[in-house]
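A.B. asks: Have a look at the structure that comes next, please.
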Ligand SMILES: [Mg+2]
């Protein structure tokens, strides 16, 4: 995958005019559906109830399904294989991750020397679009993923780039990663916050909620924002990001009324993923 130019999906809508049983349903005219993974399609190693049916129904209605994840500790092949293992077939090109939009970031245009701070699995993806420095002294920029084996020395190396005036590109700034049993793990944002606190350098995000990420997804699918919807469990990343490029949005999960009173306000809210299909008119 690394370095290969991807061919966009066909630009023409594949959605038949009569695809929805109820054409007045709020998302009946949507032809491209982007699903978040962590906390939406799956919780750790468990598929969310109804996820398989939802993807099957969306595809059989002629809609295209993309999986938009802020995962920064694995590559695309790992994520597609996990979907497959859990019962959802997914082509590599249907999975969009922060590393996919990294190449589009203005700071990457001159192919800078970067200090990559993240797991080995993601390194080849970064190497495809940037020059990875051998030592932090040579680097102009830190690219940050979620390395679950990070050490104090890793933080010190990255900090040395930042205090020399280097930039900080984070795959995401998610504070936590939800896993099975309601447990939470520290997210890439927690690592970015440590570096930011130490250096005073604010992270720039290449994954959700950056417009860069959602524009990359639309381009990959040859889709328009007007006929696309982002479905996810996080207001600050899925809903804010999707809305920022003009997509419609669906928040999945428990939400208190006060959460839905101030921006970002989703267009629709359902408690469970299996309720999403009704928004398309069945
Ligand atoms: Mg999520």
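A.B. asks: Can you say whether residue 50 is more than 20 Å from residue 207 (Cα to Cα) and out of contact with any strand residue (DSSP E or B) (no Cβ under 7 Å at 6 or more places or on another chain), as far as the supplied structure shows?
C.D. replies: Taking the combined requirement at face value, the residue satisfies it.
A.B. asks: Now for a separate question. Could you please let me know if residue 209 is surrounded by 16 or more Cβ atoms within 10 Å (Cβ to Cβ) and farther than 26 Å from residue 239 by Cα?
C.D. replies: No: the conditions fail for residue 209.
A.B. asks: If I ask for residues that are within 11 Å of the ligand (Cβ to nearest atom) and either surrounded by fewer than 24 Cβ atoms within 10 Å (Cβ to Cβ) or free of Cβ contacts under 8 Å to residues at least 40 places away in the same chain (or both), which ones from the range 238-253 would you list?
C.D. replies: Those that are within 11 Å of the ligand (Cβ to nearest atom) and either surrounded by fewer than 24 Cβ atoms within 10 Å (Cβ to Cβ) or free of Cβ contacts under 8 Å to residues at least 40 places away in the same chain (or both): 239, 251, 253.
Yes or no, residue by residue, for (1) outside the structural domain of residue 149 (by TED's automatic domain parsing); (2) surrounded by fewer than 19 Cβ atoms within 10 Å (Cβ to Cβ):
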site: 69; (1), (2): yes, no
site: 76; (1), (2): yes, no
site: 93; (1), (2): yes, yes
site: 124; (1), (2): no, yes
site: 132; (1), (2): no, yes
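A.B. asks: Something else about it: If you take the residues in the range 106-122 that are surrounded by 19 or more Cβ atoms within 10 Å (Cβ to Cβ) and modelled with pLDDT under 95, which one is nearest to residue 57 (Cα to Cα)?
C.D. replies: Checked the range 106-122; the qualifying residue nearest to residue 57 (Cα to Cα) is 122.
A.B. asks: With respect to the numbered conditions (1) surrounded by 19 or more Cβ atoms within 10 Å (Cβ to Cβ); (2) touching a helix residue (DSSP H, G or I) at 6+ places or on another chain (Cβ under 9 Å); (3) farther than 30 Å from residue 155 by Cβ, which one is the sole condition not fulfilled by residue 235?
C.D. replies: That leaves (3) as the condition not met.
A.B. asks: If you don't mind, there's one more thing I want to ask. Filter the range 78-91 down to residues that are surrounded by fewer than 15 Cβ atoms within 10 Å (Cβ to Cβ) and either in the same structural domain as residue 146 (by TED's automatic domain parsing) or touching a helix residue (DSSP H, G or I) at 6+ places or on another chain (Cβ under 6 Å) (or both), then give me how many there are.
C.D. replies: 1
The values are calculated or read from the model by the stated rules, or taken from the named source; none is laboratory data. Owing to the predicted nature of the structure, the values given are computational and were not obtained by experimental measurement. Please note: Cβ atoms are built from the backbone with ideal geometry, for glycine as well, and neighbour counts cover all protein chains shown.
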